[in-house]
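The values are calculated or read from the model by the stated rules, or taken from the named source; none is laboratory data. Bear in mind the structure is a predicted one, so any value in this text is a computation, not a measurement. Cβ atoms come from the backbone with ideal geometry, glycine included; neighbour counts cover every protein chain shown. We work out accessible area using only protein heavy atoms, side chains counted, and drop any ligands, DNA or RNA first. Shrake-Rupley method; radii C 1.70, N 1.55, O 1.52, S 1.80 Å.
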Amino acid sequence: MQTKPRLILNPATEEIIAETADAGPRDVGRAVAAAKKAFDSGVWSGKSPAERAALILKWAGLIEADLAALAKLESQNTGKPLKLARDGDIPFAVDNLRFFAAAARLPEGAGTGEYSSGYTSVIRREPVGVVALVAPWNYPLMMAAWKLGPALAAGNTCVIKPSELTPLTTLELGRLALEAGIPEGVLNVVTGAEETGRALTSHPDVRMISFTGDTDTGRKIMAQAAPTVKRLHFELGGKAPFVVFADADLAAAVPGAVVASFVNCGQDCTAATRIYVEQSALERFSEAFVKETGKMRVGDPAQPGTDMGPLISADQRARVEGFLKRAKGVKVLLGGGRPKALKRGFFFAPTIVAGAAQSSELVQSEVFGPVVCLLPFKSEAQALALANEVRYGLAGSVWTKDVQRALRMANSLRFGTVWVNDHLPLASEMPHGGFKESGFGKDLSKYALEEYTVAKHVMFETTGAARKPWHYTAFGEPG
Ligand code: NAD
């Protein structure tokens, strides 16, 4: 049997909400063949940027028109609060698609000119070909848009594999793309887990892999891509620092820390996970942070008043619990376990931990749950050293009223996104992506479009001379 059934759960109720099939290597082969056929036929890459943009804009419009239903489905499948899907992720994803549709129309051509006497050079940016897109479970629709938007706008054809836990809105995106008139074979969806992902990312006809997920999975995909030397675009884990100086506006920093730490139940690669507070402000900050976090409303994601839903799965909750069980010498200031009132669902209370050692796994490894470490520092130099002392480098923030210090910190923090006096917001026009083991290649912005294209140098000889002045270096005499 090639195709295996898989049950899809609502993590807030543990109820089965759908059944999908795990694609086997033959199914994956069919999807890649459809994408290759569509690419080679020019049905997509042969369209003008304006024609592609028109179809992507139509698609974005259909997603927007379906917002209520998609947000409900996303919330049911991920357990995230409905308000986050409806007013956050999905409207942003629509804006991302609109940005990419328009950005791909901006003429490139920089560099066209004479760089060698008697020759005119032209740079073409061309689509890469068939692109495999592998997505995680935390923001299924938005991650799909971040990948499909630039890949399709640039003229590639795609096979996307959503996470085995959260495939439902990606399947809807595929349906809406067809409805918008994006030709068959241009956007293909395969469902399944690691085995399906492995078949896709090692397929010889796939020319590029765009992957968002765990750093260890990224390492495996690198190896899978190596035999056929595929181009890679990786958005991996994060362990974001949130650095609060004593002069910061604590009235802003405290609620900022609550939002940054517990958004999406902490299952966010940019979530604040290490809050470093200048010693002289630590007590004030800590008290207010614990008090404010205690007000978070944890429960049914469908209720308008819910701030935090469950973790994605029983496995993920066990993983989070494991980190706390293994932690030595720490003091749990808030939470630390399952909320007593919630008998069903993979819930875990917002948790604040003090006293973790900088070298401990709680500070160094990605928990990917609602657990944040509160840590002190004494000087700017120490704050910078502690913030940078992780293998990740995706995002971080600094909170201070001192402009020069803010700039010094922003310049020296080794993270792909640095916020000053806030934490989390992104913009379609601005690049997002990691340093160090958080990956390489940018999402969003014109830089993402570049990732999904290859530069080609076309050189025209303009003199018509039969023998060129340099030929003698390989054959014959000068003159
Ligand atoms: P994961 O690495 O377990 O899975 C991600 C995807 O990879 C899934 O679709 C999975 O089926 C697939 N996969 C697993 N093994 C594979 C293999 N060998 N070959 C091909 N595909 C394979 O990650 P997750 O648990 O879904 O997501 C959480 C992780 O994603 C966290 O580490 C988080 O930091 C990271 N993340 C990063 C960003 C970012 O922008 N940097 C965004 C979201 C999530």
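Descriptive notes on the structure:
- Each residue of the stretch 39-55 is assigned a 3J(HN,Hα), and the resulting list reads 5, 5, 6, x, 4, 10, 5, x, 6, 6, x, 5, 5, 5, 4, 4, 6 Hz, derived from the Karplus form 6.51 cos²θ - 1.76 cosθ + 1.60 (θ = phi - 60°), x at Gly and Pro.
- A 1.4 Å probe run over the stretch 174-272, with the rest of the protein chains in place, finds 32 Å² accessible per residue.
- Based on C-alpha pairs under 8 angstrom that are at least 6 apart in sequence, the stretch 325-446 has a relative contact order of 17 percent.
- Backbone HN-Hα couplings from phi across the stretch 456-471 [Karplus 6.51/-1.76/1.60, Hz, Gly and Pro as x]: 10, 9, 10, 10, 9, 7, 10, 8, x, 5, 6, 10, 8, x, 8, 4
- Once backbone amide H atoms are built at 1.01 Å from N, Asn188 has Cys158, Val159, Ile160 as its partners under 5 Å, excluding neighbours fewer than 5 places away on the same chain.
- When each of Lys378/Lys401; Lys147/Lys456; Lys72/Lys147 is checked by Cα-Cα distance, pairs over 20 Å: Lys147/Lys456; Lys72/Lys147
- Listed pairs Lys37/Lys161; Lys4/Lys83; Lys58/Lys239; Lys36/Lys446; Lys161/Lys446; Lys295/Lys325 exceeding 27 Å between Cα atoms: Lys4/Lys83; Lys58/Lys239
- The dipole here belongs to the chain: it is taken about the Cα centre, uses +1 on the Cβ of Lys and Arg and -1 on the Cβ of Asp and Glu, and is about 600 debye.
- Relative contact order of the stretch 66-203, pairs being alpha-carbon contacts under 8 Å that are 6 or more residues apart, as %: 23 percent
- For the peptides 379-391, 189-201, 136-148, residues were scored by their other Cβ atoms within 10 Å and the scores averaged per peptide; the highest-first order is 136-148, 189-201, 379-391.
- Three-way shape label, the stretch 1-107, alpha-carbon gyration tensor, a/c 1.5: oblate
- Heavy-atom accessible area per residue - the stretch 298-455, 1.4 Å, Å²: 44 Å²
- Peptide ranges 179-188, 230-239 listed from the most packed, as the mean C-beta count within 10 angstrom indicates: 230-239, 179-188
- Against the main long axis of the alpha-carbon atoms of the chain, helix 314-326 sits at an angle near 60°.
- Here the stretch 109-143 and the stretch 191-219 have alpha carbon centers that stand 21 Å from each other.
- Solvent-accessible area, 1.4 Å probe, carbon plus sulfur percent, for the chain: 57 percent
- Calculated [222 nm] ellipticity per residue, helices only, for the chain: -11500 deg cm²/dmol; basis is -39500 (n - 2.57) per DSSP H run with n ≥ 4, divided by all residues, nearest 500.
- In the context of the full set of protein chains, the stretch 1-80 has a per residue accessible area of 49 Å² (1.4 Å probe).
- Under the Karplus curve 6.51 cos²θ - 1.76 cosθ + 1.60, θ = phi - 60°, whole-Hz ³J(HN,Hα) for the stretch 352-362, x wherever Gly or Pro sits: 10, 10, 10, x, 6, 6, 4, 8, 6, 5, 5
- For the chain: relative contact order, % (alpha-carbon pairs under 8 angstrom, 6 or more apart): 18 percent
- Against the chain, whose longest principal axis is taken from its Cα atoms, helix 90-103 shows a tilt of about 20°.
- Charge-dipole axis of the chain as Lys and Arg at +1 and Asp and Glu at -1 on Cβ define it, positive-most pick from Pro204, Pro478, His233: Pro204
- Relative packing of peptides 334-343, 426-435 - highest average C-beta neighbours within 10 Å first: 426-435, 334-343
- Sequence-distant aspartates and glutamates (8 or more away, or on other chains) whose Cα lies within less than 16 Å of Lys80: Glu14, Glu15, Asp89, Asp268, Asp300, Asp307
- For Leu394, the residues whose amide H sits under 5 Å from its own are Lys239, Gly416, Phe435, ignoring neighbours fewer than 5 places away on the same chain, with H placed 1.01 Å from N.
- Amide H contacts of Ile8: Ile17, Ala18, Glu19, Thr20, each under 5 Å away and 5 or more positions distant or on a separate chain (H built 1.01 Å from N in the peptide plane; Pro and chain starts excluded).
- Degrees separating the helix 279-293 axis from the principal Cα axis of the chain, which is the longest one: 90 degrees
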